[in-house]
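K.L.:
Supplied in structure tokens, the structure appears directly below.
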Amino acid sequence: MKKVNRSRFALLGLLGLQPMTGYEIKGWIAESIGYFWSESYGQIYPQLKKLVTDGLARVEAVPDEARTKKRYHITEAGREALETWLKEPTPPVPLRLEFLLKIFFGHQTEVAHTVDLLRHEAEQAQELETALEAIQARFDQNCDPTLPVNQMSLITIDYGLGLARHTRTWAEASLKRLQTQTPEE
């Protein structure tokens, strides 16, 4: 089975919201899907060019003060490709979590290193939880929760919050386990 670059669907989804330049797409990613899906400029621009070549997007030259910008629009074929992809089940993705790999092999070094790693994971999870709670609060204040676009955004925020809370709780419980099972030095 041919491997499909999923980045094209992230970009089609964003272009389905509104026409955008590559720079605007990067900003939208940072402010929305960036908590669970990342794209670099090095991925965005070649993929936009390919979307145009494949007839899934079209480009419009927009004069700007300094130079002409390229604004991309999703085409009808792009909407159809996006809809087809949205209906497909998501294939399983093997996890590659470096921090779990380090914990698994943590018995081969000092426990203090694993403790530091777990503290770091708990702190990162807390930071993500705080950021997502702030986003959720802004949604609650400014958005109509009955609109489908907002419902889907809130569902993804809920997932992120659940994952962040689980990771923090797991890391804190793991720290307690290590503290109760290791003698004081």
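K.L.:
Residues that are within 22 Å of residue 75 (Cβ to Cβ) and of a type in the set (D, E, K, R): does the range 27-38 have at least one?
P.N.:
no
K.L.:
Right, next: List every residue pair whose Cβ atoms lie under 9 Å apart, where the two residues are 6 or more positions apart in sequence or sit on different chains, the first residue falls within the range 146-161 and is not assigned by TED's automatic domain parsing to the domain that holds residue 122 and surrounded by 15 or more Cβ atoms within 10 Å (Cβ to Cβ), and the second residue, located anywhere, is of a type in the set (A, V, I, L, M, F, W, C) and assigned to a helix (DSSP H, G or I).
P.N.:
Within 9 Å, no pair qualifies.
K.L.:
Return the residue satisfying two criteria in turn: it lies in the range 59-94 and is of a type in the set (A, V, I, L, M) and assigned to a strand (DSSP E or B), and of such residues it is surrounded by the most Cβ atoms within 10 Å (Cβ to Cβ).
P.N.:
Restricting attention to the range 59-94, the residues satisfying the condition of being of a type in the set (A, V, I, L, M) are 59, 61-62, 66, 74, 77, 81-82, 86, 93.
Restricting the remaining residues to those that are assigned to a strand (DSSP E or B) gives 59, 61-62, 74.
On the way: 59: 16, 61: 9, 62: 11, 74: 23.
Result: 74.
K.L.:
Shifting gears a bit: Which condition from (1) modelled with pLDDT of 95 or more; (2) of a type outside the set (Asp, Glu); (3) within 17 Å of residue 152 (Cβ to Cβ) is the one that residue 55 breaks?
P.N.:
Just one mismatch for residue 55, condition (3).
K.L.:
Which one is modelled with the highest pLDDT, of the residues in the range 96-134 that are β-branched (Val, Ile, Thr) and over 11 Å from residue 174 (Cβ atoms)? Break it down into steps so the answer makes sense when it comes.
P.N.:
Filtering the range 96-134 down to residues β-branched (Val, Ile, Thr) leaves 103, 109, 111, 114-115, 130.
With the extra rule that they be over 11 Å from residue 174 (Cβ atoms), the set shrinks to 109, 111, 130.
Values: 109: 92, 111: 93, 130: 96.
Within the range 96-134, the match that is modelled with the highest pLDDT is 130.
K.L.:
Next question, about the same structure. Would you point out the residue of the range 19-52, among those that are within 19 Å of the chain's Cα centre (by Cα) and of a type in the set (S, T, N, Q), that is modelled with the lowest pLDDT?
P.N.:
The residue in question is 32.
K.L.:
Output the residues belonging to the range 1-35 that are of a type in the set (A, V, I, L, M), buried (at least 17 other Cβ atoms within 10 Å of the Cβ) and assigned to a helix (DSSP H, G or I).
P.N.:
The answer is 10, 11, 12, 14, 15, 25, 29.
The values are calculated or read from the model by the stated rules, or taken from the named source; none is laboratory data. Quick caveat, the model's predicted, so the values are computed rather than measured. As a convention, Cβ positions derive from the backbone with ideal geometry for all residues, glycine included, and neighbour counts pool all protein chains shown.
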